[in-house]
Amino acid sequence: MKADKVTGIGYAFIHFAVEVMCFSVLIGVYNPGRYWWALACLFDILAFGLQAPLGVLFEKYNNAKPGVWGLIILSIGALIAFLSNANVIFQFASLIIITLGNAMVHIAGALSTLRVSEGRLSESAIFVGGGSFGVITGRLIGADRTLWWIPFIITAVAIVMAIIIDIRIKRKYGRYAFSFDIEPCRQKLVNKPVGITILILFLVVCVRAYIGYGLPTAWNKTVVQTILLFSFMGIGKMSGGILADIFGARKVGVISCLVAVPMLVFSNNIMWLSLLGVASFSMTMAITLGGLVSVLPKHPGVAFGVTTLGLLMGTVPLFFVRMPSRSVCDVLIVIMSVLAAAGLWYCIDSKRKGEDN
Amino acid sequence: MNLILDVIDAGVPAEGNGTTGIVIAVVVVLAVLVAVGAFCIVKASKKKKDE
């Protein structure tokens, strides 16, 4: 069966829209301010941390359209933020509303792309990758407050797109399309015990987040270089799933982790090496999600929540403790990447590619 | 990604942008969400084992 490009690309755009809105508010409204640290840290905690409980909620209430409602809630939160006029109560209130909307849309994207994937990883990978382009676009828009209206236009288009995708999926899979209890996900990447698989893949995500988010990049000094960095991250996430469907998830996951090591270690001042390292390291994103869905086929929302909880646990330390010196950082990259590769090697079945391969 | 680096470069929370109360509040929110998330994961994986 061919990949469902409409759902994958559609949710990549919706993910892009969400990040544009979030980061234009973060950079354009909250920064700089007295509570910038708290707002940025809480954004990270709530946006990532809410996804596991929301995953449970929308597995239960599976006709709730979290994508459409999430985008509407996100827009309301952003509007409050733009009108907050530096009022701290309104800023924190808007942050909570924005992160709730953000988490709802992420869960909707995960459920929709996993529903249509038929065992492939491409759809989820394309959806996840779209966010990186949104982060950089939101940062650029946020730098100029006169452009505040652009994220709202993009979000309006995303709402229409979410409605169309929802209708399309229900037309194809019936009224109970999102009742994963009745029709579980067909992902079968893992043949290992549930608990140990969840733990190992969770740690792999933690490692990727810690290194990916905290890695010092001395070469990154201009806007164009930052755009390139985020673009390569997005391309890496997208291509990881697509390559896994072609060559096998284990092969791509392990090789991408190991290939990234020398690129990241020797790349502090070499832009292209660093970009390739970041792209390679990001490739495991969809593979870890696919592995988790394999052991929790009736709970794709929770499986996605495990990955975001891993992202949270990998990034939160960076808000409190600076990344150590470059030499310590290099040692950490080597050790953590090798352990992540070993974890993927253990968990992911070598025979599995996409369902259609 | 670089949002975090920007925040860290700004030298917070040590330089006054986050008071002790705010840091404690942030840690409490983090602990609650991690606990709820872990509960959801354990419950889902137990259900799978029972099957």
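Just so it is clear, none of the values below were taken in a lab; they were calculated from the coordinates. Computed from a predicted structure; not experimentally measured. Every residue, glycine among them, receives a Cβ derived from its backbone with ideal geometry; neighbour counts consider all protein chains shown.
Some observations on this one:
- Volume of the convex hull of region A:1-151 (Cα atoms only), normalised per residue: 100 Å³.
- Given charges at beta-carbon only (K, R positive; D, E negative), |dipole| of the protein assembly as shown in Debye: 940 debye
- Our summary of shape: the Cα atoms of region A:1-81 have principal axis extents of 52, 26, 20 Å, ordered from largest down, in whole angstrom.
- If you wrap the tightest convex hull around every Cα atom of region A:160-229 and split its volume per residue, you get 169 Å³.
- For region A:215-259, trypsin sites (Lys or Arg not before Pro) meeting the loop criterion (DSSP other than H, G, I, E, B) and having at most 13 other Cβ atoms within 10 Å: A:221.
- Gyration tensor (Cα) of region A:125-251, equivalent ellipsoid semi-axes in angstrom: 31, 26, 13
- Rounded D (µm²/s) - region A:139-184, Kirkwood Rh over Cα pairs, Stokes-Einstein at 10 °C, 1.306 mPa s: 122 µm²/s
- With the convex hull constructed from alpha-carbon coordinates only, chain A shows a mean projected area of 16.0 nm² over all directions.
- Pairwise alpha-carbon distances in region A:85-142 exceed 15 Å for 65% of all pairs.
- Model label points for residue A:272 and residue A:34, set 7 angstrom from Cα along the Cα-to-Cβ axis, are 5.0 nm apart.
- Scattering profile of region A:254-357 at q = 0.12, 0.25 Å⁻¹ [log10 I(q)/I(0), Debye over alpha-carbon scatterers]: -0.49, -1.40
- Mean Kyte hydropathy of 1.0 or more with a Cα span along the axis of at least 18 Å, helices from DSSP in chain A: A:5-25, A:36-49, A:66-83, A:88-117, A:149-173, A:194-214, A:223-247, A:249-265, A:300-320, A:326-347
- Remark on region A:186-342: hydrodynamic radius 15.8 angstrom, per the Kirkwood mean of 1/r across alpha carbon pairs.
- Distance between the C-alpha centres of region A:206-275 and region A:84-107: 30 Å, rounded to the whole angstrom.
- Mean residue ellipticity at 222 nm, helices only, chain A: -26000 deg cm²/dmol; runs of at least 4 DSSP H residues each add -39,500 (n - 2.57), and the sum is divided by the number of residues.
- For chain A, the relative contact order comes to 27 percent (Cα pairs under 8 Å, sequence separation of at least 6).
- Shielding by partners, peptide A:98-106 (average Cβ within 10 angstrom, other chains): 0
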